[in-house]
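The values are calculated or read from the model by the stated rules, or taken from the named source; none is laboratory data. Keep in mind the model is a prediction, meaning the values are calculated, not measured. We place every Cβ from the backbone using ideal geometry, glycine too, and count neighbours over all the protein chains shown.
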Amino acid sequence: MNEKSVKIALVDDNPYVNENNRLLLNKIQKQKKFSRINFEIKEYIDGKDLLESNIIYDFILMDYEMQQLNGMATAIELEKRNFL
């Protein structure tokens, strides 16, 4: 079986939102059509933490309003770094 990994970042200052999104992604991954895809999920509490990771993700699910660095400012910085 040829497995593909997909790197996913969950970015929200509410840990319950990140956890619910993780649970939803885990349910999706268990579906037959995704059986050959491994979701590598990492959670961050704000955009600043995401940027400090220096990891290029395939998919980022991010809150717009966060305390330290909001979603729009984070997206702009990711684009500057060619991470988008």
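Quick check on my filter: what residues within segment 54-70 are farther than 11 Å from Asp13 by Cα and either touching a residue at least 40 places away in the same chain (Cβ under 8 Å) or touching a helix residue (DSSP H, G or I) at 6+ places or on another chain (Cβ under 7 Å) (or both)? Listed by number, the residues that qualify are Ile55, Ile56, Tyr57, Asp58, Phe59, Ile60, Leu61.
Kindly establish whether Tyr64 is in a loop (DSSP other than H, G, I, E, B) and surrounded by 12 or more Cβ atoms within 10 Å (Cβ to Cβ). For Tyr64, the condition - in a loop (DSSP other than H, G, I, E, B) and surrounded by 12 or more Cβ atoms within 10 Å (Cβ to Cβ) - is not met. Scanning segment 7-53 for residues that are in a loop (DSSP other than H, G, I, E, B) and either surrounded by 15 or more Cβ atoms within 10 Å (Cβ to Cβ) or touching a residue at least 60 places away in the same chain (Cβ under 8 Å) (or both) yields Asp12, Asp13, Ile45, Asp46.
Scanning segment 40-59 for residues that are more than 12 Å from the chain's Cα centre (by Cα) and not acidic (Asp, Glu), which turns out nearest to Asn82 (Cα to Cα)? Checking each candidate, the answer is Asn54.
Take the conditions touching a Ser or Thr at 6+ places or on another chain (Cβ under 9 Å) and modelled with pLDDT under 95 and apply them to Met66. Does it pass? Steps first, answer last, please.
Working: touching a Ser or Thr at 6+ places or on another chain (Cβ under 9 Å): yes; modelled with pLDDT under 95: yes.
In short, yes.
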